[in-house]
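The values are calculated or read from the model by the stated rules, or taken from the named source; none is laboratory data. Worth saying up front: this structure is predicted, and the values here are computed from it rather than measured. Here the Cβ positions follow ideal geometry from the backbone for every residue, glycine too, while neighbour counts run over all protein chains shown.
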Amino acid sequence: MKYSILWVDDEIDLLKVQILFLKGKGYEVDTAFNGTDALEKINAGNTYDIIFLDENMPGISGMETLRKIRSINSDVPIVMITKNEGEEIMDEAVGNKISDYLIKPVNPNQIILSIKKNVDNKRLVSLKTAEEYRVEFQKLGTEISQVSNIEEWKVLYKKLTDWDIKLQDLKEDKEVLAEIYEFQKAEAEKEFCKHIEKNYIKWIDGTRENRPMMQPDVFKERILPLLDKGNKVFWIVIDNLRFDQWKVIQPLFTEYFNIEKEEMLVSILPTATQYARNAMFSGLMPLQIAGIYPELWTDVDELHSKNNNEEKLIKTMLKRFRCDFKFFYAKSFSNKDGNEINSKINLILSNPLNIIVYNFVDMISHARTELPMLRDLADDIPSYRAITKMWVEHSPLYPLIKLLAQSDCKIVFTTDHGSIKVNTPVKITGEKQITSNIRYKTGQDLQFGKKDVFLISEPQAAQLPSPKINSKYVFARNRDFFVYPNNYNQYVNYYKETLQHGGISFEEMLIPLITLTPKKLK
């Protein structure tokens with residue numbers, strides 16, 4: 001690919017060898033004897049991919065030329081070339097957004113390296129990434145066929161997530177490699193679902209030692225040990241957050257916090273707020289909540305909110321663990337809610353434990369189903385991730401992170417479940433009271449293709465309450481979603497390519513659990 005270079009130096013005639021070398025490499029090189037000539041060329045509409053700028057020139061200095069160029073074009077890479085190695089010159093150059101810094105005399109290879117670093121780097125990184133994935137594809141294929149336990153599935157899913165994010169930045173072969181990745185991901189999803197179906201009841205029926213960490217274990221195993229050591233803990237829950245969304249917002253947290261632990265929870269089924277978050281805030285499985293605290297459990301067929309009792313459930317959990325301290329709990333549905341929480345930060349920090357639930361991501365996923373404009377805006381998963389990052393950057397959560405970094409408290413960051421973009425309809429029928437969620441159903445007389453679902457015919461074995469006698473639970477796998485035969489096409493068109501949760505997939509079940517410690521102030 002040809003790049004256009006502007007080289008500004010009052011001794012440009014002495015640089016003929018370097019300029020001929022660059023032209024021989026296919027670069028287009030324009031020259032200027034001083035800053036005034038350079039600015040005239042730029043103001044005349046000439047565009048350059050990179051500018052090499054002498055620091056010490058008569059008339060307008062290199063530094064002044066740099067500032068004037070930046071006022072015209074803030075993005076073009078500018079490489080300062082100077083004989084002066086003084087630190088104050090370097091500081092000033094960096095302050096004016098210099099891209100690179102070379103000390104005279106420069107040789108042609110230094111110039112080529114600077115071009116590759118500052119102009120060609122994205123293309124070179126893209127090519128390197130593509131080649132690495134082609135090699136990794138074979139390794140991942142072998143790993144998918146050999147995974148034998150849930151911890152290995154977590155490692156594999158993390159690798160797939162990393163590649164998903166990397167491949168989105170490719171400039172070359174993006175469509176081809178994306179198609180290969182989707183094929184490989186689909187194969188992994190299929191095997192993951194088989195693993196869940198084979199082991200889920202064993203995990204729930206067995207002891208804690210025989211199953212992975214799930215929502216009921218978070219307080220006992222991650223929050224309580226921190227409190228016992230005298231730490232103040234902020235437990236932040238972003239409803240409906242996928243692991244890949246965590247990875248794109250991670251830098252916003254690690255600017256102020258170190259990651260002490262990056263783990264994955266395995267979500268209980270159904271991967272829905274009523275079950276998963278209530279389990280997390282009670283330290284109990286859903287059947288236990290319904291049995292011990294029936295007044296705090298809301299059946300799926302009841303019309304009002306399924307999560308109105310979270311604060312009461314937290315109180316019962318603290319009482320069981322003999323924690324007699326005060327705690328703060330709040331839900332944030334808007335910036336107004338978030339700002340109100342931040343305004344109370346000094347009072348809140350007097351508590352050992354503070355719990356905040358942010359509902360924005362869940363609201364976006366639901367609104368994306370209902371609003372065509374928002375679906376267009378978040379048309380694919382990369383744009384959905386980008387919206388998540390943009391929200392964190394501009395929401396009250398981000399200033400809260402900065403405030404907490406000053407207070408020497410720890411953050412335990414997690415979610416209740418993730419979501420999956422569905423695309424394959426599966427027919428199901430049942431009674432009128434059948435649940436409305438399209439990734440799982442519970443009720444009597446459910447009719448479905450046995451190969452199309454994961455069936456739990458005895459809910460108590462999965463620690464799930466039965467809304468009625470003989471109720472069953474069925475779960476959609478991978479990217480499937482349930483549709484009634486009546487008005488079939490209408491529902492398929494409405495729900496296809498929407499983000500849903502409740503069933504079995506990497507994105508819904510393998511969710512982030514992150515422990516963060518403030519970076520030491522310098």
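Before we move on, is residue 449 free of Cβ contacts under 8 Å to residues at least 24 places away in the same chain, in contact with a strand residue (DSSP E or B) (Cβ under 9 Å, 6 or more places away or on another chain) and buried (at least 19 other Cβ atoms within 10 Å of the Cβ)?
When the stated conditions are applied, residue 449 does not pass them.
Six or more apart or on different chains, Cβ atoms under 8 Å: show the pairs whose first residue is in the stretch 1-26 and more than 14 Å from residue 114 (Cα to Cα) and whose second is assigned to a helix (DSSP H, G or I) and not hydrophobic (A, V, I, L, M, F, W, C).
1/123; 8/35; 8/37; 8/62; 8/65; 17/108; 21/108
Hey, any hits in the stretch 338-354 for a residue that's among the charged types (D, E, K, R), in the same structural domain as residue 234 (by TED's automatic domain parsing), over 22 Å from residue 408 (Cβ atoms) and surrounded by fewer than 20 Cβ atoms within 10 Å (Cβ to Cβ)? Spell out the reasoning first.
At the first step, the residues of the stretch 338-354 found to be among the charged types (D, E, K, R) are 340, 344.
When the remaining residues are screened for being in the same structural domain as residue 234 (by TED's automatic domain parsing), the result is 340, 344.
Next, from what is left, pick out any that are over 22 Å from residue 408 (Cβ atoms): 340.
Still in the running and surrounded by fewer than 20 Cβ atoms within 10 Å (Cβ to Cβ): 340.
Yes, the stretch 338-354 contains at least one residue that is among the charged types (D, E, K, R), in the same structural domain as residue 234 (by TED's automatic domain parsing), over 22 Å from residue 408 (Cβ atoms) and surrounded by fewer than 20 Cβ atoms within 10 Å (Cβ to Cβ).
From the set of residues in the stretch 386-415 that are farther than 17 Å from residue 234 by Cβ and not aromatic (Phe, Trp, Tyr), which is surrounded by the most Cβ atoms within 10 Å (Cβ to Cβ)?
Once the filter is applied, the top-ranked residue is 388.
So, in the stretch 208-227, of the ones that are at pLDDT below 95 and either not in a loop (DSSP other than H, G, I, E, B) or not basic (Lys, Arg) (or both), which residue ends up surrounded by the fewest Cβ atoms within 10 Å (Cβ to Cβ)?
Looking at the filtered set, the residue picked out is 209.
Check residue 245 against each of (1) modelled with pLDDT of 95 or more; (2) under 19 Å from residue 468 (Cα atoms) and name the one condition it does not meet.
(2)
For the stretch 484-506, state whether one or more residues are part of a helix (DSSP H, G or I) and within 28 Å of residue 207 (Cβ to Cβ).
Within the stretch 484-506 (the criterion being part of a helix (DSSP H, G or I) and within 28 Å of residue 207 (Cβ to Cβ)), the answer is yes, since at least one residue qualifies.
Only one of these is surrounded by fewer than 20 Cβ atoms within 10 Å (Cβ to Cβ) and either closer than 29 Å to residue 460 by Cβ or of a type in the set (A, V, I, L, M, F, W, C) (or both): 484, 488, 495. Name it.
Numbers: 488 fails: either closer than 29 Å to residue 460 by Cβ or of a type in the set (A, V, I, L, M, F, W, C) (or both); 495 fails: either closer than 29 Å to residue 460 by Cβ or of a type in the set (A, V, I, L, M, F, W, C) (or both).
Within the list 484, 488, 495, the selection yields 484.
Going through the stretch 473-522 one residue at a time, which ones are at pLDDT below 95, over 19 Å from the mean Cα position of the chain (by Cα) and aliphatic (A, V, I, L, M)?
483, 492, 521 - these are the residues of the stretch 473-522 that are at pLDDT below 95, over 19 Å from the mean Cα position of the chain (by Cα) and aliphatic (A, V, I, L, M).
Tell me yes or no: at least one residue of the stretch 31-41 is surrounded by fewer than 20 Cβ atoms within 10 Å (Cβ to Cβ), over 19 Å from residue 100 (Cβ atoms) and either within 41 Å of the chain's Cα centre (by Cα) or small (Gly, Ala, Ser) (or both).
No: the stretch 31-41 contains no residue that is surrounded by fewer than 20 Cβ atoms within 10 Å (Cβ to Cβ), over 19 Å from residue 100 (Cβ atoms) and either within 41 Å of the chain's Cα centre (by Cα) or small (Gly, Ala, Ser) (or both).
Evaluate the stretch 253-272: report whether one residue or more is crowded, with 18+ Cβ neighbours inside 10 Å, within 18 Å of the chain's Cα centre (by Cα) and either in a helix (DSSP H, G or I) or not assigned by TED's automatic domain parsing to the domain that holds residue 365 (or both).
The answer is yes, given that some residue of the stretch 253-272 is crowded, with 18+ Cβ neighbours inside 10 Å, within 18 Å of the chain's Cα centre (by Cα) and either in a helix (DSSP H, G or I) or not assigned by TED's automatic domain parsing to the domain that holds residue 365 (or both).
Going through the stretch 474-491 one residue at a time, which ones are in contact with a helix residue (DSSP H, G or I) (Cβ under 6 Å, 6 or more places away or on another chain) and not β-branched (Val, Ile, Thr)?
477, 478, 481 - these are the residues of the stretch 474-491 that are in contact with a helix residue (DSSP H, G or I) (Cβ under 6 Å, 6 or more places away or on another chain) and not β-branched (Val, Ile, Thr).
Output the residues belonging to the stretch 424-451 that are assigned to a loop (DSSP other than H, G, I, E, B) and over 24 Å from residue 365 (Cα atoms).
Correct list: 430, 431, 432, 433, 444, 445, 446, 449.
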